[in-house]
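Undergrad: Before I ask anything, here is the structure I am working with.
The values are calculated or read from the model by the stated rules, or taken from the named source; none is laboratory data. As the structure is a computational prediction, the values presented were derived from the model and not from experiment. In this analysis, Cβ positions are derived from the backbone assuming ideal geometry, glycine residues included, and neighbour counts consider all displayed protein chains. Surface accessibility is based on the protein's heavy atoms, side chains included, excluding ligands, DNA and RNA. Shrake-Rupley method; radii C 1.70, N 1.55, O 1.52, S 1.80 Å.
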Amino acid sequence: DQQVKQNSPSLSVQEGRISILNCDYTNSMFDYFLWYKKYPAEGPTFLISISSIKDKNEDGRFTVFLNKSAKHLSLHIVPSQPGDSAVYFCAASPNLNTDKLIFGTGTRLQVFP
Amino acid sequence: DAEITQSPRHKITETGRQVTLACHQTWNHNNMFWYRQDLGHGLRLIHYSYGVQDTNKGEVSDGYSVSRSNTEDLPLTLESAASSQTSVYFCASSEYGQGYEQFFGPGTRLTVL
């Protein structure tokens, strides 16, 4: 059973527009969330994170929003750039007693000129 | 600069053979993880270690084993390779403690014929 879900396998956005990537989770005990970005033939790299005590975290063009009641988080990229084209994974940390992460299935973002 | 490396980057083997994938990190991290990436499944945890002599099973551990004899290395062994183990394998490491990002290696593409 997939505990972290990314229901959109792909997303296509025009350069300069906003990209919104979504992630849902099933376990209300999850309390820390991360987004990773992955280019072909490379390992994932950390992008941004958010703790469950917050509902928003910004880092430059990237903002993550957390809605705990809906068990939903989203990653906003504004403005989108062609170099943002990659696969994005959301991940959740189950609880304070573990350093494991549970990853979603990924969303492939394509930013076109 | 600290890094995490994996070898080989590509490997082709035959069903039934034993295969070992190497992972080496110079971050001096206590935590190390092995994942496999498959289409439609995202990143799934195979095994992980929180320190020397510590190993734990992840969600897809059957057919795999790891050992941790020092801080820097966590080799992944496929005891008897099966075609279902054809995948891309990623090693990662992190500081001990929840919320620390995991740093990923570049991956090993394994094909089992």
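Undergrad: Evaluate peptide A:97-110: per residue, the Cβ atoms of other protein chains within 10 Å of its Cβ; return the mean as an integer.
TA: Per residue, the number of nearby Cβ atoms from other chains is 5 on average.
Undergrad: Place a point 7 Å from Cα of A:Asn7 in the direction of its Cβ. Which residues in the range A:20-48 have their backbone N less than 16 Å from it?
TA: A:20-27
Undergrad: Another question, then. For the range B:1-70, take every pair of Cα atoms, bin their distances at 5 Å starting from 0, and report each bin as a whole percent.
TA: 3, 13, 22, 26, 22, 10, 4, 0
Undergrad: Dividing the Cα radius of gyration by the Kirkwood radius, what Rg/Rh value follows for the range B:47-98?
TA: Result: Rg/Rh = 0.97.
Undergrad: For a 31 Å ceiling on Cα separation, which of these pairs sit above it: A:Lys68/A:Lys100; A:Lys38/A:Lys68; A:Lys68/B:Lys11?
TA: Flagged as over cut-off: A:Lys68/B:Lys11.
Undergrad: In whole angstrom, how far apart do the alpha carbon centroids of the range A:65-95 and the range B:1-64 sit?
TA: Measuring centre to centre over Cα atoms gives 25 Å.
Undergrad: Given a cut-off of under 8 Å on Cα pairs at least six residues apart, what relative contact order in percent is computed for the range B:22-68?
TA: 28
Undergrad: To the nearest 20 Debye, how big is the dipole of chain A about its Cα centre, given +1 on the beta carbon of each Lys and Arg and -1 on that of each Asp and Glu?
TA: Here the size comes out at about 120 debye.
Undergrad: Test of understanding: extend the Cα→C-beta vector of B:Asp1 to 7 Å, then name every residue of the range A:28-63 with backbone N under 14 Å from that spot.
TA: Residues A:43, A:45-46 qualify, since their backbone N sits under 14 Å from the label point.
Undergrad: Of B:Thr86, B:Thr26, B:Thr71, which has the largest mean-square fluctuation in a 10 Å C-alpha GNM of chain B?
TA: B:Thr26
Undergrad: Please report the projected area of chain A's Cα convex hull averaged over all directions, in nm².
TA: 6.9
Undergrad: With a 1.4 Å probe and every protein chain kept in, tell me what percent of the accessible surface of the range A:1-94 is carbon plus sulfur.
TA: C and S atoms contribute 48 percent here.
Undergrad: Same structure again: Shielding of B:43-55 by partners, i.e. mean partner chain Cβ atoms within 10 Å per residue?
TA: Mean number of neighbouring Cβ atoms from other chains: 2.
Undergrad: Per-residue accessible area for B:Glu95 at 1.4 Å probe radius, Å² rounded to 10?
TA: The accessible area of B:Glu95 comes to roughly 90 Å².
Undergrad: Find the all-direction average of the projected area of the Cα convex hull for the range B:24-111, expressing the result in square nanometres with one decimal place.
TA: Averaged projected area of the range B:24-111's Cα convex hull equals 5.7 nm².
Undergrad: Something else about it: Of B:Lys57, A:Lys37, which has the most accessible area and how do the rest follow, probe 1.4 Å?
TA: Per-residue accessible area, sorted high to low, gives B:Lys57, A:Lys37.
Undergrad: What does the structure give for A:43-54 when I average, per residue, the other chain Cβ atoms found within 10 Å of the residue Cβ?
TA: 3
Undergrad: Let me ask something else about it. I need to check one value: relative contact order of chain B, counting alpha carbon pairs closer than 8 Å and at least 6 residues apart, in percent.
TA: Dividing the mean separation by the residue count of chain B yields 35 percent.
Undergrad: Treating the beta-carbon of each Lys and Arg as +1 and of each Asp and Glu as -1, no other charges, what is the dipole magnitude of the protein assembly as shown about its Cα centre, to the nearest 20 debye?
TA: 480
Undergrad: Evaluate the distance, in nm, between pseudo-label points positioned 7 Å from the Cα of A:Glu15 and of A:Gln81 along their respective Cα→Cβ axes.
TA: Distance between label points: 1.1 nm.
Undergrad: Which percent of Cα pairs goes in each bin when the distances of the protein assembly as shown are cut into 10 angstrom slices starting at zero?
TA: 8, 33, 35, 20, 4, 0
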